[in-house]
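K.L.:
Got a structure here, written out as structure tokens. Questions coming.
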Amino acid sequence: MKNIRKILAVRNDRFGEFLLNIPAFRALKETYPDARLTLAVKSDVRQLAECIGYADRVVVWNEDFKKNLKRQGFDTVIILNPTKEAHWLAFFAGIPVRVGYDRKWGILLNYKMPDNKGLGLKHEVGYNLDLVGLIGAKTNDQSIALRQLPEYNNPECAGAVAIHPYTSDKVKEWPLERFKELARRLACDLRLKVIIVGAVGDASGLFGNPEKDISNLVNKTSLVELAQVLKQCRLLISCDSGPIHLAAAVGTPVLALFRNDLPGKTARRWGPWGKGHIVMEKSNLLDITVEEIFGQVRGALK
């Protein structure tokens, strides 16, 4: 397309979903190298978004930005997670090229595609690339690597196995007690350094008093700091959650636990992106035993 000079890409939800848009952002910059790309994100994702290396500007999708959207002069907007608000704001701001999914007032868009992501027929990375493809954006590099992550060295993290035992959706959780037993066995039987990571409302419970060789970093890192921690680790073990995508983005292998009975929530759509990862899928996560995960870790770290 011609006359694309100022692009706004809106992805204002959780950081895991945001990271899976990196190839789409790269496609926009490679296809329109002279265009200025602005990313609009949640406030807690902004610092991480500044590490991807393809954006000319990162802003917070807040009331101040939204009320001044028209005067920003964008000629193109890509709405990567559909909301009625984003659609009508783009329309009434008079942005000429409005790209998104045909739902939640999709009539206000002029470049749109059906939202079939809930069927889980391909990975989220592929869906995001399909969307920017509506205006001709494409790339041969589909990696989600973070290009501008600050250097960080912590001897406590080097060579450790990270465990993220939390999810934002209860139906995707493996029992915390099993994570605790797994951490103990990795530390005691395999003599591995183990780091518990994550962000939860109350971290004083199950991992509040970790054993020797098990460190608790829950609620102690920003997203950028978590990326730096994971980059030094040998492996991340987690259910379906944002940190699996953060680990993949810094080149750390992931052992991910997924349900395979919910089409829109399977590893086909949300699994760790790239090579070298292990996915264990069952219709009931309770059928995945500590012994199975322990065996997978032992085999992966040989």
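Taken together, the values in this text are just the output of simple stated rules run on the coordinates, not laboratory data. For clarity, every value in this text was computed on a predicted model and none was experimentally measured. Cβ coordinates were reconstructed from backbone atoms using ideal geometry, including for glycine residues, and neighbour counts include every protein chain displayed.
K.L.:
Would you mind ranking R71, R298 so that the residue whose beta carbon has the fewest other beta carbons within 10 Å leads the list?
P.N.:
R71, R298
K.L.:
If you don't mind, there's one more thing I want to ask. Would you mind counting up the charge near Y152? Only other residues with Cβ under 15 Å from its Cβ, with Lys and Arg at +1 and Asp and Glu at -1.
P.N.:
The answer is -1.
K.L.:
Same structure again: Under the rule of -39500 (n - 2.57) per DSSP H run of 4 or more residues, summed and divided by the residues of the chain, what mean residue ellipticity at 222 nm is obtained, to the nearest 500 deg cm²/dmol?
P.N.:
Using -39500 (n - 2.57) per qualifying helix, the result is -8000 deg cm²/dmol.
K.L.:
Let me check the size of segment 175-299 from its C-alpha atoms; what are the radius of gyration and Dmax in Å?
P.N.:
14.1, 40
K.L.:
Sticking with this structure for a sec: Let's see if you can work this out: charge +1 on each Lys and Arg Cβ, -1 on each Asp and Glu Cβ, no other charges. What is the dipole magnitude of segment 151-302 about its Cα centre, in debye to the nearest 20?
P.N.:
Charge dipole, segment 151-302, about its Cα centre: 340 debye, nearest 20.
K.L.:
Please tell me the relative contact order of segment 6-135 in percent, rounded to the nearest whole number, where contacts are Cα pairs under 8 Å and at least six residues apart.
P.N.:
It rounds to 25 percent for segment 6-135.
K.L.:
Determine one quarter of the surface area of the Cα convex hull of the chain, which equals its mean projected area, and express it in nm² to one decimal.
P.N.:
Approximately 15.5 nm², given one-decimal rounding.
K.L.:
So how do V218, V224 line up by other beta-carbon neighbours within 10 Å, fewest first?
P.N.:
Sorted ascending by nearby Cβ count, the order is V224, V218.
K.L.:
If you don't mind, another one. Take every Cα pair under 8 Å in segment 183-302 that's 6+ residues apart, average their separations, divide by the length, and report that relative contact order as a whole percent.
P.N.:
Relative contact order, segment 183-302: 18 percent.
K.L.:
Kindly put K70, K172 in sequence by how many other C-beta atoms sit within 10 Å of each C-beta, fewest to most.
P.N.:
The fewest-first ordering by Cβ neighbours comes to K70, K172.
K.L.:
What FRET efficiency comes out for the pair D64/L262, r = Cβ-Cβ distance, R0 = 45 Å, nearest 0.05?
P.N.:
0.75
K.L.:
Taking N as the number of residues in segment 103-206, what is its alpha-carbon radius of gyration divided by 2.2 N^0.38 Å?
P.N.:
After normalising by residue count via 2.2 N^0.38 Å, the value is 1.60.
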